[in-house]
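Taking it in order: structure first as structure tokens, then the write-up.
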Amino acid sequence: MNILDKIIFDKHREVVLKKAIIPVSQLENSVFFERATISLSQKLKTSSSGIIAEHKRRSPSKSVINHDFTVEEVVKGYENAGACGISVLTDGKYFGGSLDDLLLARASVNIPLLRKEFIVDEYQILEAKAFGADLILLIAAVLTREEIKSLSTFAKNLGLEVLLEVHNQEELEKSIMPTLDIIGVNNRNLKTFEVSLDFSKQLASQIPNEFVKVSESGISSVEAITELRPYGFKGFLIGENFMKTNNAGKAATEFIKQL
Ligand SMILES: O=P(O)(O)OC[C@@H](O)[C@@H](O)c1c[nH]c2ccccc12
């Protein structure tokens, strides 16, 4: 099993356990359930920076990025820096995140929040809504076309936007459908951890124009963004480059100032 298979295997078990304890009705009673969401795709269309900054403590490819901060200081720092949106990792076992991180982020900022999670079940989309997200991630590498269709339709019906992540042409071709808002090309192969901006460059022209294009992972310089923009990318998802510093908000401020 590669790492992605392991994560998905664990995720299915986690969802079964959670469903048995917290009923859907409890999620639907959350104060955030009726909240009007904020559109990240609209913000990206008009933003000059396009930065989506990520809250990330650790990852399977880097066991310690940073644990020495509060969610509030990181996400407020990102908002003040002028980020268009914030991605919050909620997987516990592999990324050290939680739904509480999402909740604390929601309580701290007023910009769009992405629940960064390995979504395999509608239940996780209800959780996303209940804990204050504005959009969800769907990863084409781990879902069939039918699953992408039903999960994205379910999210849209809750007022959540959908960011569909692809890594190659096959994943892109199987996934294109009108219930997606944003298509992200992950520069990191989640099975091998190989990272290259070439993945974004190669796939950009195949993404239909009705979708906002985002380039994800491995972006560590302003030059990378200058290189990617001519390919039509409007959004850039950055985690480690900010989180590895002792002040993520300040790192984002300095980065965005140069754009
Ligand atoms: O820390 P980086 O290299 O800037 O990457 C951020 C983000 O793109 C990455 O965390 C990510 C992209 N797709 C994912 C899917 C699941 C978990 C994490 C991710």
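Brief remarks on what is shown
- Which listed residue, of Thr70, Thr90, is open to solvent by 50 Å² or more (accessible area, probe 1.4 Å), among the β-branched types (Val, Ile, Thr) and within 30 Å of Val195 (Cα to Cα): Thr70
- So Lys234, is it away from the ligand (no atom under 15 Å from the Cβ), within 25 Å of Gln124 (Cα to Cα) and not hydroxyl-bearing (Ser, Thr, Tyr): no
- Check on Lys213, within 16 Å of the ligand (Cβ to nearest atom), basic (Lys, Arg) and surrounded by 16 or more Cβ atoms within 10 Å (Cβ to Cβ): yes
- Taking the listed residues Val31, Val24, the one that is in contact (Cβ under 8 Å) with a residue 12 or more places away in the chain, farther than 19 Å from Ile238 by Cβ, out of contact with any Cys (no Cβ under 9 Å at 6 or more places or on another chain) and surrounded by fewer than 15 Cβ atoms within 10 Å (Cβ to Cβ) is Val24, with no other qualifying.
- Pairs, first under 26 Å from Ser63 (Cβ atoms) in the stretch 193-215, second surrounded by fewer than 17 Cβ atoms within 10 Å (Cβ to Cβ) and of a type in the set (Gly, Ala, Ser), C-beta under 7 Å, six or more apart: Phe193/Ser61
- No other residue among Phe118, Phe131 is open to solvent by 10 Å² or more (accessible area, probe 1.4 Å), within 18 Å of Phe33 (Cα to Cα) and of a type outside the set (Asp, Glu) apart from Phe131.
- Among all positions in the stretch 118-130, there is at least one residue which is closer than 18 Å to Gly239 by Cα and within 16 Å of the ligand (Cβ to nearest atom).
- Residue list for the stretch 135-162, filter: touching a Lys or Arg at 6+ places or on another chain (Cβ under 9 Å) and under 14 Å from Ile182 (Cα atoms): Leu135, Ile136, Leu137, Ala140, Ile148, Ala155, Leu160, Val162
- Filter result for Tyr78 (surrounded by fewer than 20 Cβ atoms within 10 Å (Cβ to Cβ), in contact (Cβ under 8 Å) with a residue 24 or more places away in the chain and either within 16 Å of the ligand (Cβ to nearest atom) or farther than 22 Å from Lys244 by Cβ (or both)): no
- The stretch 216-244, residues that are over 20 Å from the mean Cα position of the chain (by Cα), in contact (Cβ under 8 Å) with a residue 12 or more places away in the chain and open to solvent by 30 Å² or more (accessible area, probe 1.4 Å): Glu227, Tyr231
- The helices (runs of 4 or more DSSP H) located wholly in the stretch 1-115 that include 3 or more residues which are of a type in the set (S, T, N, Q) occupy 40-46.
- Residue in the stretch 113-124 that is under 14 Å from Leu180 (Cβ atoms) and more than 17 Å from the chain's Cα centre (by Cα) present: no
The values are calculated or read from the model by the stated rules, or taken from the named source; none is laboratory data. Note that the structure is predicted; figures quoted are calculated from it, not measured. A quick note on method: Cβ atoms are made from the backbone with ideal geometry, for glycine too, and the neighbour counts reach across all protein chains shown. Ligands, DNA and RNA are excluded from the accessible area calculation, which covers all protein heavy atoms including side chains. Shrake-Rupley method; radii C 1.70, N 1.55, O 1.52, S 1.80 Å.
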